[in-house]
Amino acid sequence: MAFQSIKHFALELDGPDDIVYSSGEMVTGVVILELTREIKVRSLRVLGRGVAIAHWLENRSVGVNTVYNDYTSKTIYFRKRQHLIRDNGDLTVIPAGRHEYPFSFQLPEETLVTSFEGKHGSIRYWVKVKLHRPWATVKKIKKEFTVIEPIDINTPSLLAPQAGTKDKMARIWYRNCGQVSITAKIDRKGYTPGEVIPVFAEFDNSTSRSVVPKAYITQTQTFIARGTMKQKRAVVATLCGDIVGPRRRETWHGRAIKIPPVGPSILQCRIIKVEYMLRVCVDVPGTSKLSLELPLVMGTIPLHPFGSRTSSVSSQYSVNMEWLRMAIPEQPEPPPDYSSVVTEEEAAQNSTAVQPEEDLSGVLQPSLLAYIQEFRSRPPPVYSEVDPNPQPITMRRRCMTC
């Protein structure tokens, strides 16, 4: 029978299994066809694809029936096709034995968005092989590969310091009992996973009660389809400060919060975004949480060791680097739910869609940190759930010998 004729049918990409590509690079490989006897083939072709898709279902009750709304959007980054055996109307006879068919195609020069896997969408790149034979089903092989969008944090916009001030009046019943204020600064906007962010902050507690300052790094995944937005939010790192007593002031002279091995920011995709924020906050007695947000961008190309300027923020303080190292625990406690760090106003805005979710497996990827460390040595190229919902990015290392 026909299926007994094919002993081995495989698709192999050149390089290691965890190879990573970027815009403009060549994807090369070979299709292996091992036969026990000769077969007739109509065509053999290779297809390359890059697609972003956002998708989810929402249901609502209409009487005794349930109506489902399908939200789907798609962005195609490229389509490639190469004929290894062209269908010209005649059948091609392939003799028994092992046959190898090399193929290659170039990724588009324009920026390709980083590979991503999320609850409500994905950004995937793959190669597919199709073998067409007369009077037989089409045999298919599909292999995905990873693409990284280089984000160089050595750009002026990502080297710019981030700072802000926020205050709120504390209340007991209907009586004002003092004000709490936060002033916070970080030396730049762009960082890479594994780095430490020194947080410079001042907490002024003018109330009669103690408050506890904290800082969090949060990740927000946004999915967009049919004009509707779905979000997943997660806390990926935490920093807890000392208690600030009544009518006291506390200053952070570069308190350290370490970035875990998360995926890079995704900002250039029309339907999927991954964004990060440093949130500095305190619980204000008698009212909602006071929270100050400073935007972050997770890059892939780290800060250059030469030529970097002294930040106008960090130069104001003397940071004890030995203390910074001691301040970072080897095994930090798991981060809290996102719902515990947002203000009541934010929780109210999302109250129709807030569901606690503690699975951060998609957010924290231990293998990613090792990849980022290798990616750094390359020269620059020519997770509670909110439904507007914690999970990010599947990524693999690139072999530096390639």
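The values are calculated or read from the model by the stated rules, or taken from the named source; none is laboratory data. All of these numbers come straight from a predicted model, not from anything done at the bench. Every residue, glycine among them, receives a Cβ derived from its backbone with ideal geometry; neighbour counts consider all protein chains shown.
Here is a check on your reading of the model: is SER61 touching a Gly at 6+ places or on another chain (Cβ under 9 Å), exposed (fewer than 15 other Cβ atoms within 10 Å of the Cβ), assigned by TED's automatic domain parsing to the domain that holds LYS139 and among the hydroxyl-bearing types (Ser, Thr, Tyr)? No: the conditions fail for SER61. One residue stands out in the stretch 41-64 among those that are modelled with pLDDT under 95 and part of a strand (DSSP E or B): the one that is nearest to ILE151 (Cα to Cα), namely LEU57. The residues on offer are ILE271, ILE224, ILE182, and the sole one that is touching a strand residue (DSSP E or B) at 6+ places or on another chain (Cβ under 7 Å) and over 30 Å from GLY118 (Cα atoms) is ILE182.
All conditions but one from (1) at pLDDT below 95; (2) under 32 Å from the mean Cα position of the chain (by Cα); (3) not acidic (Asp, Glu) apply to VAL67; the one that does not is (2). Scanning the stretch 96-105 turns up no residue that is under 29 Å from ARG226 (Cα atoms) and either touching a strand residue (DSSP E or B) at 6+ places or on another chain (Cβ under 8 Å) or among the acidic types (Asp, Glu) (or both).
Residues to consider are ARG79, ARG42; find the one that is in contact with a Lys or Arg (Cβ under 7 Å, 6 or more places away or on another chain), charged (D, E, K, R) and closer than 19 Å to ILE123 by Cα.
Values: ARG42 fails: closer than 19 Å to ILE123 by Cα.
Answer to the selection: ARG79.
Going through the stretch 109-157 one residue at a time, which ones are aromatic (Phe, Trp, Tyr) and at pLDDT 95 or above? Of everything in the stretch 109-157, those that are aromatic (Phe, Trp, Tyr) and at pLDDT 95 or above turn out to be PHE116, TYR125, TRP126, PHE145. ASN88 falls short on exactly one of the conditions (1) closer than 30 Å to PHE9 by Cα; (2) surrounded by 14 or more Cβ atoms within 10 Å (Cβ to Cβ), and that condition is (2).
Kindly establish whether ILE32 is farther than 30 Å from LEU267 by Cβ, modelled with pLDDT of 95 or more and not charged (D, E, K, R). When the stated conditions are applied, ILE32 passes them. Per the listing GLN268, GLN219, the residue uniquely surrounded by 23 or more Cβ atoms within 10 Å (Cβ to Cβ), under 19 Å from SER122 (Cα atoms) and within 31 Å of the chain's Cα centre (by Cα) is GLN219.
Residue-level check: of (1) surrounded by fewer than 15 Cβ atoms within 10 Å (Cβ to Cβ); (2) under 31 Å from the mean Cα position of the chain (by Cα); (3) closer than 30 Å to GLU149 by Cβ, TYR125 misses just (1).
Residues are listed down the side, and each one gets a yes or a no for (1) over 26 Å from ALA170 (Cα atoms); (2) touching a Pro at 6+ places or on another chain (Cβ under 6 Å):
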{"site": "ARG226", "(1), (2)": "yes, no"}
{"site": "LYS230", "(1), (2)": "yes, no"}
{"site": "ARG233", "(1), (2)": "yes, no"}
{"site": "ILE243", "(1), (2)": "no, no"}
{"site": "GLY263", "(1), (2)": "yes, yes"}
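Count of the stretch 1-52 residues, restricted to those that are small (Gly, Ala, Ser), within 26 Å of PRO95 (Cβ to Cβ) and crowded, with 19+ Cβ neighbours inside 10 Å, is 1.
Please verify whether LYS214 is assigned to a strand (DSSP E or B), buried (at least 17 other Cβ atoms within 10 Å of the Cβ) and outside the structural domain of SER115 (by TED's automatic domain parsing), treating the condition exactly as stated. Full working, then the answer.
Numbers: assigned to a strand (DSSP E or B): yes; buried (at least 17 other Cβ atoms within 10 Å of the Cβ): yes; outside the structural domain of SER115 (by TED's automatic domain parsing): yes.
Against the criterion (assigned to a strand (DSSP E or B), buried (at least 17 other Cβ atoms within 10 Å of the Cβ) and outside the structural domain of SER115 (by TED's automatic domain parsing)), LYS214 qualifies.
Can you tell me which residue is farthest from PHE200 (Cα to Cα) among those in the stretch 236-254 that are of a type outside the set (Ser, Thr, Tyr) and within 25 Å of the chain's Cα centre (by Cα)? First the steps, then the outcome.
Pass one, the stretch 236-254, residues of a type outside the set (Ser, Thr, Tyr): 236-237, 239-250, 252-254.
Remaining after also requiring within 25 Å of the chain's Cα centre (by Cα): 236-237, 239-240.
On the way: VAL236: 20, ALA237: 17, LEU239: 12, CYS240: 14 Å.
So the residue we want is VAL236.
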